[in-house]
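Working notes for the structure below.
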Amino acid sequence: MGNESSGRTDANRPIAVLAMAQGVEQQLLTEGARRALDALVALVDDSPVALAALPDDVLGGVEIVVGSWGCDPLDEALLARMPKLRFLAYAAGTVKYTVTTASWDHGVVVSSAAAANAVPVAEFTFAAIVMIAKDVFRVRDALRETRGTIPVSGVGPAGALGTRGLRVGLIGASTIGRLVIERLATLDVTVAVADPYLDDTEARRLGVTRMELDDLCAWADVVSVHAPELPSTRHLVDPAQLARMHDGAWLVNTARGSLVDTDALTRECVSGRLNAFIDTPDPEPLPPDSPLYDLPNVVLTPHVAGSLGTELSRMGDLAVAEIRRFLAGDALEHEVRAADLDRIA
């Protein structure tokens, strides 16, 4: 496995393992983050490993798992072989494919880097809303068609071009939703939020108006989806909600495709009544014959709002910082508890 310089014989550092797909660690961990991690823990191998494939004498000594995409689920069978496991620092978003009820039954503390992954999603959403307000996508197509032979101008979603006075409705005051709110505060727009867990006091603190979903859909020029994917949120935006949106309004979805009724949205977009910016369709990808690929009032991107390229290292930095807090006995900033699973993505 790893070389002796990894410090596996140093009793002052807990035994840890990188549990993720091969190559992911190179994107998650910068040189600085890797040095910081090596100062905190003794890795059993410098490269990612499959937990279930480790021999019992190695797996039994692991106290910290640095997980990410490709990590084995921490189920009862695996945890029975990991009696010393104390902490999962998950350097990715949702932990729902990795943790199980057994994880908490065995006393494993769990941390997620979802907050780091939320940053690029919020940036992407903010940029999309600004581009929508400037009618950039329609203008781009018109300019490509006319090739400068006639003047080209746009019309915004509220019937007027520009961000000033734009009414933006957010579905979900999630981590991403709140980051979007922060960024929208730099514009002269009005923001409303529909979220059953948001009260008026918190809404005032955020500088937004709390609305019920029906009212928000009828009010907004742009509706942006930021709720978690749960059984209760499937088709949260259904035919009735889409029908409430005014002509020319936009639906933006950078959350999960299942939150929106794709068939109903397709009908509205085919009719030309609504516009859509969809990064996460349902199904994903859409079938090749979907009309959404070709409609001039639809922008499709292939699930690129989340962390890509250099953005991935934010999650590695967060995971290493959480390990440092955990070992110092400090409160974690991104702990996930069993009770949270019913509400988080």
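If I filter the range 188-197 down to residues being surrounded by fewer than 18 Cβ atoms within 10 Å (Cβ to Cβ) and of a type outside the set (Phe, Trp, Tyr), which single residue comes out as nearest to residue 250 (Cα to Cα)?
If we take residues in the range 188-197 being surrounded by fewer than 18 Cβ atoms within 10 Å (Cβ to Cβ) and of a type outside the set (Phe, Trp, Tyr), then 190 is nearest to residue 250 (Cα to Cα).
For the range 310-345, which positions are free of Cβ contacts under 8 Å to residues at least 12 places away in the same chain and in a helix (DSSP H, G or I)?
Within the range 310-345, 310, 325, 328, 339, 340 qualify.
Please go through (1) more than 30 Å from residue 54 (Cβ to Cβ); (2) in contact with a helix residue (DSSP H, G or I) (Cβ under 9 Å, 6 or more places away or on another chain); (3) in contact (Cβ under 8 Å) with a residue 24 or more places away in the chain; (4) open to solvent by less than 60 Å² (accessible area, probe 1.4 Å) for residue 128 and return the number of the only condition it doesn't satisfy.
Against the list (1) more than 30 Å from residue 54 (Cβ to Cβ); (2) in contact with a helix residue (DSSP H, G or I) (Cβ under 9 Å, 6 or more places away or on another chain); (3) in contact (Cβ under 8 Å) with a residue 24 or more places away in the chain; (4) open to solvent by less than 60 Å² (accessible area, probe 1.4 Å), residue 128 comes up short only on (2).
Hey, any hits in the range 302-319 for a residue that's modelled with pLDDT of 95 or more and over 19 Å from residue 69 (Cβ atoms)?
No, the range 302-319 contains no residue that is modelled with pLDDT of 95 or more and over 19 Å from residue 69 (Cβ atoms).
Report, by residue number, each residue of the range 9-29 that is modelled with pLDDT under 95 and either of a type in the set (D, E, K, R) or at positive phi (or both).
Scanning the range 9-29 gives a single hit, 10.
Out of the helices (runs of 4 or more DSSP H) lying entirely within the range 10-113, which hold 1 or more residues that are open to solvent by less than 30 Å² (accessible area, probe 1.4 Å) and of a type in the set (Ser, Thr, Tyr)?
Passing ranges, in order: 101-105.
I'd like to verify a number: residues in the range 313-345 that are of a type in the set (Gly, Ala, Ser) and surrounded by 17 or more Cβ atoms within 10 Å (Cβ to Cβ), how many?
5
Within the range 198-227, which residues are among the small types (Gly, Ala, Ser), open to solvent by less than 10 Å² (accessible area, probe 1.4 Å) and under 18 Å from residue 128 (Cα atoms)?
Scanning the range 198-227 gives 220, 224.
Can you pull out the residues in the range 183-205 that are out of contact with any strand residue (DSSP E or B) (no Cβ under 6 Å at 6 or more places or on another chain) and closer than 23 Å to residue 229 by Cβ?
183, 195, 196, 197, 202, listed by residue number.
Only one of (1) under 28 Å from the mean Cα position of the chain (by Cα); (2) of a type in the set (Gly, Ala, Ser); (3) closer than 29 Å to residue 339 by Cα is not met by residue 127, so which one is it?
(3)
Would you point out the residue of the range 160-174, among those that are open to solvent by 60 Å² or more (accessible area, probe 1.4 Å) and at pLDDT 95 or above, that is farthest from the chain's Cα centre (by Cα)?
Applying the filter and picking the extreme gives 164.
I'm trying to understand the selection: among the residues of the range 298-312, which are buried (at least 19 other Cβ atoms within 10 Å of the Cβ) and out of contact with any Phe, Trp or Tyr (no Cβ under 7 Å at 6 or more places or on another chain)?
The answer is 298, 306, 307, 312.
For residue 233, are the conditions met, namely being among the β-branched types (Val, Ile, Thr), open to solvent by 10 Å² or more (accessible area, probe 1.4 Å) and within 21 Å of the chain's Cα centre (by Cα)?
yes
When you scan the range 77-88, do you find a residue that is touching a helix residue (DSSP H, G or I) at 6+ places or on another chain (Cβ under 6 Å), small (Gly, Ala, Ser) and at pLDDT 95 or above, even just one?
No, there is no match, as no residue in the range 77-88 is touching a helix residue (DSSP H, G or I) at 6+ places or on another chain (Cβ under 6 Å), small (Gly, Ala, Ser) and at pLDDT 95 or above.
The values are calculated or read from the model by the stated rules, or taken from the named source; none is laboratory data. Keep in mind the model is a prediction, meaning the values are calculated, not measured. Counting neighbours? That spans all protein chains shown, and the Cβs are built from the backbone with ideal geometry, glycine included. When the accessible area is computed, the model is the full protein with side chains, heavy atoms only, and any ligands, DNA or RNA have been set aside. Shrake-Rupley method; radii C 1.70, N 1.55, O 1.52, S 1.80 Å.
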